[in-house]
1. Leaving out same-chain residues fewer than 8 places away, which aspartates and glutamates sit with a Cα under 16 Å from that of residue 170?
2. Identify the GluC sites (Glu not before Pro) of segment 247-329 meeting these criteria: DSSP loop state and at most 13 other C-beta atoms within 10 Å of the C-beta.
3. Only helical DSSP H runs with n ≥ 4 go in: add -39500 (n - 2.57) per run for the chain, normalise by residue count and round the 222 nm mean residue ellipticity to 500 deg cm²/dmol.
4. Connecting C-alpha atoms closer than 10 Å in a GNM of the chain, tell me which of 109, 122, 268 has the biggest fluctuation.
5. Among the listed pairs 103/186; 48/220; 48/323; 57/270; 102/159, give every one whose C-alpha distance is greater than 31 Å.
6. Excluding residue 36 itself, what net charge comes from residues whose Cβ is under 9 Å from its Cβ, given Lys and Arg +1 and Asp and Glu -1?
7. Mind ranking 209-219, 68-78, 48-58 by how tightly packed they are, going by the mean number of other C-beta atoms within 10 angstrom, highest first?
8. Using the Karplus curve 6.51 cos²θ - 1.76 cosθ + 1.60 with θ = phi - 60°, what ³J(HN,Hα) values do you get for each residue of segment 183-198, in whole Hz, with x for Gly and Pro?
Amino acid sequence: MTNSSTLLENPTNKIGLITCWIITEGMIGTQNQCVGVANALGLNPIIKQIGLRQPWKTFSPWLGFETTSSFSPSLTPPKDSTWPDILITSGRKSVAASRYIKKQSGGKTFTVHIQDPKISATQFDLVAVPFHDKLRGQNVIVTDGAPNKLTKDKLNQAKQDFAPPFESMKSPRVAVLIGGNSRTHKLTNSITHQLINQLSNLDASLMVTTSRRTGEENLKMIQDALTKDQNFIWSGNGQNPYLGMLAWADYIIVTSDSVSMLSDAGTTGKPVYMVNLEGGSPRFNRLYDHLNKIDVTRNFTGNLEAWTYEPLHDAQKVAHAIKENWDKL
């Protein structure tokens with residue numbers, strides 16, 4: 001028995017003891033989405049990160065004809081096991097792995113791909129895409145945002161773990177999640193300056209975390225300006241307080257460049273304000289419009305007000321779809 005085995009709750013008892021693999025290209029964001037789905041199923045997955053050899057490296061996911069020599073490292077089941085019962089993949093290179101394992105398992109492995117695979121969804125048993133991706137199909141489950149690992153229990157635990165320094169902070173507490181420059185967005189000095197002014201005028205305690213993409217100049221502006229005793233700016237040293245900030249926050253402010261941060265914030269059920277960065281894309285605009293429509297987010301204009309909405313449960317939604325589709329096998 002491998003450490004990826006567990007009992008999946010199923011009233012028909014058709015599944016029994018199952019194994020789960022996660023295969024990605026190694027990007028932590030997409031890997032966390034897969035882990036969130038596996039955890040929502042009650043599974044402790046084996047996580048594999050792969051690369052592709054030529055010509056699959058260049059032409060995946062469209063080439064096909066995968067063999068043992070396609071992957072680096074090679075894909076083989078453990079000596080005391082077989083191919084996984086459930087395979088969860090994400091990323092362009094992992095498409096080849098999904099097809100290969102499906103074939104090698106004789107069709108027995110149930111394949112789930114997270115995000116648009118850029119090929120027909122019919123090559124998987126189930127595909128999960130966020131609302132802002134256009135892919136639709138009979139075996140496509142559409143989530144509001146990106147699946148994640150957040151649960152009420154994890155947030156409660158984070159609230160205990162990060163009682164110091166957040167418990168003693170003046171209410172309301174505002175988590176400020178700042179991303180930065182990406183392929184589609186840019187955090188300009190002007191936007192940073194405006195955000196600092198808006199945050200400085202709030203009668204609240206700030207819990208601020210930044211990204212490597214924030215940039216040294218923007219980071220210095222933030223650190224120099226938000227120096228009130230009641231504020232906390234994570235230095236990057238020690239245990240990452242990200243979950244603690246989400247747990248202790250009364251309000252959450254997020255920059256618009258990160259699907260994962262917006263999705264994480266929306267999973268808490270707390271008011272989420274979005275800071276628009278320069279740039280964007282039609283895909284991101286669909287995300288903003290959708291989260292605004294379901295009342296998860298509002299644009300940050302310098303003021304705070306409370307509202308309620310149904311928290312996002314995207315990982316659980318995908319897990320439920322897997323259970324439903326598995327029962328049909």
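1. Those aspartates and glutamates meeting the cut-off are 203, 229, 250.
2. Values: sites: 278, 305, 324; in loops: 305.
Answer in residue order: 305.
3. Numbers: 11 runs with 107 residues, N = 329.
Taking each H run of at least 4 residues, the total per residue is -9500 deg cm²/dmol.
4. Most flexible of the set in this elastic network: 122.
5. Numbers: 103/186 43 Å; 48/220 37 Å; 48/323 23 Å; 57/270 42 Å; 102/159 41 Å.
103/186; 48/220; 57/270; 102/159, as the Cα separations exceed 31 Å there.
6. Details: positive: 149; negative: 314.
My count for the surroundings of residue 36 gives 0.
7. Numbers: 209-219: 17.1, 68-78: 13.8, 48-58: 15.4.
Per-residue mean Cβ counts within 10 Å order the peptides as 209-219, 48-58, 68-78.
8. Working through the residues one at a time gives 4, 10, 10, 9, 8, 7, 4, 5, 5, 4, 4, 5, 4, 4, 4, 5 Hz.
Each value in this text was obtained by applying a stated rule to the coordinates, not by laboratory testing. Please read all numbers here as calculations on a predicted model, not as lab measurements. Every residue, glycine as well, gets a Cβ built from its backbone with ideal geometry; the counts of neighbours run over all protein chains shown.
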